[in-house]
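Undergrad: After the structure tokens below, expect a handful of questions from me.
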Amino acid sequence: MLPSPLKGHIEVASAAILFGTIGIFVSLINRMPVGSIIFYRLLFGITAIAIFFACCGKGYGELRLKENKQYVILLGILQAGTMLSYFISVKHTTVAIAVLLLYTAPIYVTLLSPLLLKEPVTRRSLSALILSLSGVILVIQPGAVFQDMDSMYAIGLLCGLISGLLYACMILTSRYLKGCYTGTAQAAWAIIITMIIFLPYSTAVSSGVLLDNLHLLILLGLLPTAASLTLYFSGLMYVRAQNASIIALLEPASAVVFAAIILSQPITSSVLVGGGLILVGALVVSGVGAVGARA
């Protein structure tokens, strides 16, 4: 029997690695609009989580909506926007670039925390901000964007940056709600609200296309959604938030490795160096808890 702290660290690390497979599944799914991918991912994910709750005899009392309902709705809207922009970035750039731009979230948290949460800016957060911004410049290569880069690639880069901003807003909203709702409740409601937003896309694909991609959609719903969320919140019971935010950096690291091995996507030296700076920046700023729970 593993000690509880070790078990918690293993669970959080496993969740982060599973999250790192999202871009792989999105890249492999063919002829489906991004909205449909998001809807079916969450449909299979929430179904698996509901079955897990039922089998374990867990109550649904903690999911009851209380105060600050408008911020719970906002959390779901932000998750919908984060998924949409991230998936578009994956489709039009590479998994490595998309996931690294998603992890620019600490930059925005550092900038927005003093305004929204009245948290002071420290030397550590400023150092992390400079490191991460330098990394973003290396990953995006602005000079190439404005010269001979394909327009869809540029849109993918823009969506990657937007995904980081929206992810940061999710973190800030989650922090605001932590006194009213558990992490599990926040994740469940964010999934439900996102599903409602993308419900029109449930019929946006033919039955043939849906069947062709069904195995990938089920795996996307089970592995980096249901299993990863269950492991993540289970592990958080025994792992300090700051330690969890550091372990979470396994997500972009594993995503880059998976993309290179499974999709044979090239990783340039500028992406490696820039990604390293972004991750170091996230690691530095994690001392003030910038990289938070994943909904």
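Undergrad: Subtracting the Cα-Cα distance from 0.36 nm times the residue separation, let me have the gained length for K69 to I137 in nm, one decimal.
TA: That works out to 20.7 nm of additional length.
Undergrad: List the lysines whose Cα sits under 29 Å from the Cα of K7, skipping any in the same chain fewer than 8 residues away.
TA: Correct list for K7: K58, K178.
Undergrad: Separate question: By Kyte-Doolittle mean hydropathy of at least 1.0 and Cα axial length of at least 27 Å, which whole DSSP H helices of the chain are selected?
TA: Membrane-span-like by this criterion, though nothing is claimed about a membrane: 34-56, 151-177.
Undergrad: If the elastic network links every pair of Cα atoms under 10 Å, which of V280, V90, V99 fluctuates the most in the Gaussian network model of the chain?
TA: Sorting by GNM fluctuation, first place goes to V280.
Undergrad: Now a separate question. Run the simple label-point estimate for Y176 and S234 please: 7 Å along Cα→C-beta, distance reported in nm.
TA: 3.2
Undergrad: As a footprinting exposure proxy, order S254, S36, S85, S264 by other Cβ within 10 Å, with the fewest listed first.
TA: Final ranking by Cβ density, sparse to dense: S264, S254, S36, S85.
Undergrad: Follow-up. Pick from F44, F198, F52: which is most flexible by mean-square fluctuation in a GNM of the chain where alpha carbon atoms under 10 Å apart are linked?
TA: Most flexible of the set in this elastic network: F52.
Undergrad: Here's something else I'd like to know. Can you put L116, L158, L75 in order, fewest other beta carbons within 10 Å first?
TA: Taking fewest neighbouring Cβ atoms as first place, the list is L116, L158, L75.
Undergrad: Then there's this: Would you calculate a helix-derived [θ] at 222 nm for the chain, using -39,500 (n - 2.57) for each DSSP H run of n ≥ 4 and dividing by the full residue count, to the nearest 500?
TA: Helices in the chain give a 222 nm mean residue ellipticity of -23500 deg cm²/dmol.
Undergrad: Restrict the search to the range 98-207; then list the trypsin sites (Lys or Arg not before Pro) that DSSP places in a loop and that have at most 16 other Cβ atoms within 10 Å of their Cβ.
TA: Sparse-neighbourhood loop trypsin sites (Lys or Arg not before Pro): K118, K178.
Any read-out appearing in this document is the output of simple, stated calculations on the displayed coordinates, not a laboratory observation. Every value quoted in this text rests on a predicted model; they were computed, and no experiment measured them. When we count neighbours, we look across all protein chains shown, and the Cβ atoms used for this are built from the backbone with ideal geometry, even at glycine.
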